[in-house]
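Notes follow the structure.
The values are calculated or read from the model by the stated rules, or taken from the named source; none is laboratory data. If you're wondering where the values come from, they're calculated on a predicted model, not measured in any experiment. Backbone-built Cβ (ideal geometry, glycine too); neighbour counts: all protein chains shown.
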Amino acid sequence: MQPTGKISVRRHAANFYRNFVGDSFYRNSTYLLINMVVSTGSGFLFVVICAHLFTQASFGYATSLLGALGLATAFANVGMNRTVVRFMGRSTNQSQDLVTNILLVSGFSLLSGIILSHFFSSFGIRHVDPLVVIIFISTVFLMSIKPLFDNAFIAIRESSGTLIENSLSCVARVLFPLFVIGSGYIGIFSAQLAGVILAIAASVYLLKRRHGFNFLVKPSRTSMDGKWRFALGSYTSDLVGGLPTSVLPIIVVARLGAVAGALWYVAMQIINVLLTVSGTVSQALFAELANAEGNINRVLKKASLSMYALLVPLSVGVFVLAPYILRLLHGNYVAAEHVLRLMTIFALIGVANFITGSILQLYKKVLYITVVNTANAVVVIFYCLLFAHNLDGIAIGWMLGEVVNLVLFVVGGIVVHRQYHGNILVD
């Protein structure tokens, strides 16, 4: 006969597990956080491999091309990423909606890839041949539609699919540079293409087999009825909000050189680990808010506590261990230590930005979000262009933008939350 205490502990553990699995917010947040760990871990390993196998100059030029990729995909998404999360969960024509979104994004991705390929020399990249252009446009096309699949899994609250396809993508991206040693910056960049091909193939298979999606249905104009205002508003705000992340690597390489570009990229990759924690929980939060009924305060409290519980110890660890983390890459990258520590402090305020941003998105305050993101982009880009003469200056510009976001997002989020008394809007 087992002691009563042990039985009680097991019963409590079983109840906790059932409640955890039954709570879609915690379940999907967990899958997305595991996905984040896989992505960031593989991303760090990717940087380590490239730092050891390629020169700092090649790595720096690759970061400029990656910045151009981010800019192109931002232009191409037309607000579809957030639209999928916002509306697909309650849609009665999910397959048709997804196919329509893919078609829209495909056209814009090809256009943005072709246009940006004509500006490589302005990005500090020299001696571009036709193969580089073809690889760049192909990667823009596939990387633009991949988030639609990611967000489809999130919208139907089955984020295990995102974890599976992204894990396959990460493995391909990490291994690819090992087979293209000596190919220069295009070898580093092509790893993105190898990963995204595998990810999309896995997404199509999972959505079709597990969730009954049909990718042979005809797209329809009616799929976007009542959604264009939200989509275009989200598109504008995301496009402007993503400018600093995409443009800064280009500015660094063009103004400070390829080596400085490599240092900046490494520091930002580590900071992105911290930001991705908040962003991952925020994705699950927005899906929950979009499907919620009644008051949203309980969901907001869970998300806030989850973000800070994860981010605070990570931030302290990065700040303290900064030189050791950078030394894992290569001794030359320790020069980014000061920049990394500065940005780590300000990454903590990103939690409030993600929470209040989700509230503003829920209540469709896309114009306000666009204004805030525009202010952020103007501050960051103009400061870096006019006043930054080294990496510390670039970091200061980035931090000033975070302060602008913090103040305006928090004020806007509080005002809107009080205006609607924390209650959900009915579409």
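Can you go through Val99, Val85 and tell me which one is assigned to a helix (DSSP H, G or I) and at pLDDT below 85?
Within the list Val99, Val85, the selection yields Val85.
For (1) crowded, with 18+ Cβ neighbours inside 10 Å; (2) out of contact with any Asp or Glu (no Cβ under 6 Å at 6 or more places or on another chain); (3) modelled with pLDDT under 60, each residue gets a yes or a no:
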{"residue": "Ala13", "(1), (2), (3)": "no, yes, yes"}
{"residue": "Phe16", "(1), (2), (3)": "no, yes, yes"}
{"residue": "Asn19", "(1), (2), (3)": "no, yes, yes"}
{"residue": "Gly22", "(1), (2), (3)": "no, yes, yes"}
{"residue": "Arg27", "(1), (2), (3)": "no, yes, no"}
{"residue": "Asn35", "(1), (2), (3)": "yes, yes, no"}
{"residue": "Phe44", "(1), (2), (3)": "yes, yes, no"}
{"residue": "Val48", "(1), (2), (3)": "no, yes, no"}
{"residue": "Phe59", "(1), (2), (3)": "yes, yes, no"}
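Looking for whichever is farther than 30 Å from Val253 by Cβ, among the hydrophobic types (A, V, I, L, M, F, W, C) and either crowded, with 17+ Cβ neighbours inside 10 Å or touching a residue at least 40 places away in the same chain (Cβ under 8 Å) (or both) here; the options are Leu367, Leu342. Which one fits?
Details: Leu342 fails: farther than 30 Å from Val253 by Cβ.
So the residue among Leu367, Leu342 that is farther than 30 Å from Val253 by Cβ, among the hydrophobic types (A, V, I, L, M, F, W, C) and either crowded, with 17+ Cβ neighbours inside 10 Å or touching a residue at least 40 places away in the same chain (Cβ under 8 Å) (or both) is Leu367.
List the number of the failed condition for Arg157; all other conditions in (1) in a helix (DSSP H, G or I); (2) surrounded by fewer than 23 Cβ atoms within 10 Å (Cβ to Cβ) hold.
It fails just one condition, (1).
Would you mention how many residues in the stretch 396-416 are surrounded by fewer than 16 Cβ atoms within 10 Å (Cβ to Cβ) and more than 25 Å from Cys384 (Cβ to Cβ)?
So the answer is 3.
Quick check on the stretch 338-350. Is at least one of its residues more than 22 Å from the chain's Cα centre (by Cα), at pLDDT 80 or above and of a type in the set (D, E, K, R)?
In the first step, residues of the stretch 338-350 are kept if they are more than 22 Å from the chain's Cα centre (by Cα); the result is 338.
From the residues that got through so far, the ones that are at pLDDT 80 or above too are 338.
Subset that is of a type in the set (D, E, K, R): none.
No, the stretch 338-350 contains no residue that is more than 22 Å from the chain's Cα centre (by Cα), at pLDDT 80 or above and of a type in the set (D, E, K, R).
Among the residues of the stretch 203-227, write down those that are part of a helix (DSSP H, G or I) and closer than 12 Å to Thr100 by Cβ.
So the first thing to find is which residues in the stretch 203-227 are part of a helix (DSSP H, G or I), and the list is 203-211, 221-224.
Correct list: Arg221, Thr222, Ser223, Met224.
Is it fair to say Lys301 is surrounded by fewer than 17 Cβ atoms within 10 Å (Cβ to Cβ), charged (D, E, K, R) and at pLDDT 85 or above? Working first, answer last.
On the way: surrounded by fewer than 17 Cβ atoms within 10 Å (Cβ to Cβ): yes; charged (D, E, K, R): yes; at pLDDT 85 or above: no.
The answer is no for Lys301.
Would you pick out the residues in the stretch 96-111 that are crowded, with 22+ Cβ neighbours inside 10 Å and closer than 18 Å to Leu69 by Cβ?
Passing the criteria: Val105, Ser109.
Taking only pairs six or more apart or across chains, which ones have beta-carbon atoms under 6 Å, a first residue in the stretch 298-312 that is under 19 Å from His417 (Cα atoms), and a second residue that is buried (at least 18 other Cβ atoms within 10 Å of the Cβ)?
Val299/Glu288; Ala303/Val281; Ala303/Leu285; Ser304/Ile355
Quick one: what pairs do we get from the stretch 402-418, first residue among the aromatic types (Phe, Trp, Tyr), second modelled with pLDDT under 85 and part of a helix (DSSP H, G or I), C-beta under 6 Å, 6+ apart or different chains?
Phe409/Asn353; Phe409/Thr356; Phe409/Gly357
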